[in-house]
Amino acid sequence: MARKAPRARRRRGNMSAMMEGRGVARKRGVAQEASSLHPNAGKITGVICGLRIEDIEHPLMRKIRSMSKLVGELAKGRPRHPARLDRQDGQGGFMIRTGRLCAPLIATAACGPATPPAAPYTPRVRAVTVTTVPLLVKEAQGLYPFLRPAFAKGGVLEGKEVYAFSPSTITVVEGDTLQLTLINPEDDTHSFVLPDFAVALPGGTKTQATYIAKHAGIFPILCSIPSHLPMMSGQLVVLSASSMAGAATR
């Protein structure tokens, strides 16, 4: 037959269980308190991490940014009493449960280290060589028999010849200076024409020219000889300087 534990031992066991239960209840109360914001927490306004708190639609993200604002203000030494942070913009203050709530949210609410502004793009000089290239021309009719009917009256290339610029696309950044070398190795005359720039290219010549890309955008390059249009064309792509801020140049 099992012996009953002495009354004093049973009493100490009951008290231990009671204290343990109170500890669990206290922890639950702390968790509930830490997970709740004061009703006036929604009055927190201002800009944090480049975002205006009152414009954030996602509820959880708005709470996180609100806490980040509070932590940042407290870190700056703004007065509070004891859980009140007096704002200095004349719109009153807000109240929020601090202490247990602030600590675990500091890591999630912080913006992280400030990113220094990107260095502005520095315009550079770019050397570009463009060569005129004959593709489908009358001199090639013996090599390509299909060209005879194409160049004949009523043919698909009547009054035309097909030439190209190589390369046909030039990409620069706003503010860049192009040092152009324009080569026309054949005997036909061409030209290199932009909306605000034109260079004649006589046959068998190499021409040097300078062009400054003043505005961002995509601009057509044409040869102005009527019999070479519209086939002999290209484009100048000018990227905006702001899009290249902080980019390394070579």
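In whole angstrom, how far apart do the alpha carbon centroids of the range 186-206 and the range 45-60 sit?
What the calculation gives is 57 Å, centre to centre.
Pull out a ≥ b ≥ c, the square roots of the eigenvalues of the alpha-carbon gyration tensor of the range 125-244, then state rounded if a/c is under 1.5, prolate if not and a/b is larger than b/c, and oblate in the remaining case.
prolate
Need one number: nm distance between label points at His215 and Ala150, each 7 Å from Cα along Cα→Cβ, rounded to one decimal.
With each label placed 7 Å out from Cα toward Cβ, I get 3.6 nm.
Given points 7 Å out from each Cα along the Cα-Cβ axis, report the Leu60 to Ala200 separation in nanometres with one decimal.
About 7.2 nm, to one decimal.
List the residues whose amide H sits under 5 Å from the amide H of Ile48, counting only those 5 or more places along or on another chain, with H placed 1.01 Å from N in the peptide plane.
Ile53
Which net charge results for the neighbourhood of Thr181, defined as the other residues with beta-carbon distances under 13 angstrom from its beta-carbon, given Lys and Arg at +1 and Asp and Glu at -1?
Net charge around Thr181: +2.
Values quoted throughout were computed directly from the atomic coordinates according to the rules given, and no laboratory measurement underlies them. This is a predicted model, so every value here is computed, not measured. Virtual Cβ from ideal backbone geometry, glycine too; neighbours counted across all protein chains shown.
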